[in-house]
1. Anything in the stretch 43-83 that is outside any helix (DSSP H, G or I) and out of contact with any Ser or Thr (no Cβ under 7 Å at 6 or more places or on another chain)? List them, or say none.
2. Before we move on, is N60 open to solvent by less than 70 Å² (accessible area, probe 1.4 Å) and under 25 Å from the mean Cα position of the chain (by Cα)?
Amino acid sequence: MNNPANKYGVKRPDSPYTSEECEQIIQELEELLDGEISQEKAESIQSRIESCEFCLEQYNLERSFRALLRNKVSQTIESNQTLKSLQNSILNLAKRLSQNERKQP
């Protein structure tokens, strides 16, 4: 991690790749998971990931983390929508009650 360009500090002694290659693979792994690359490049990255135990470990960890994050965000959005719907129902009920009170002599 002495190299300032070493963003991730991911090189492991048992890796078949150099530190620079590891850095590149991890960056590409993120692009792959973000869906920011072509199918051809995705296949190339998948091949490199599968040839390195650490890369595969990182890929699976990152993929699992992103799935968990997406799930939590979806749950939050659904909760917010449910809350908004409940608020609207309460407001509508309050308006109807108020209108009914005004109609009574």
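1. Within the stretch 43-83, the subset outside any helix (DSSP H, G or I) is 51-52.
Matches in the stretch 43-83: S51 only.
2. Working: open to solvent by less than 70 Å² (accessible area, probe 1.4 Å): yes; under 25 Å from the mean Cα position of the chain (by Cα): yes.
Answer is yes for this residue.
The values are calculated or read from the model by the stated rules, or taken from the named source; none is laboratory data. Only a predicted model underlies this, so the values are computations on that prediction, with no experimental measurement involved. Methodologically, a virtual Cβ is constructed for each residue, glycine included, from the backbone with ideal geometry; neighbour enumeration extends over all protein chains shown. Calculation scope for accessible area: heavy atoms of the full protein, side chains included, ligands and nucleic acids excluded. Shrake-Rupley method; radii C 1.70, N 1.55, O 1.52, S 1.80 Å.
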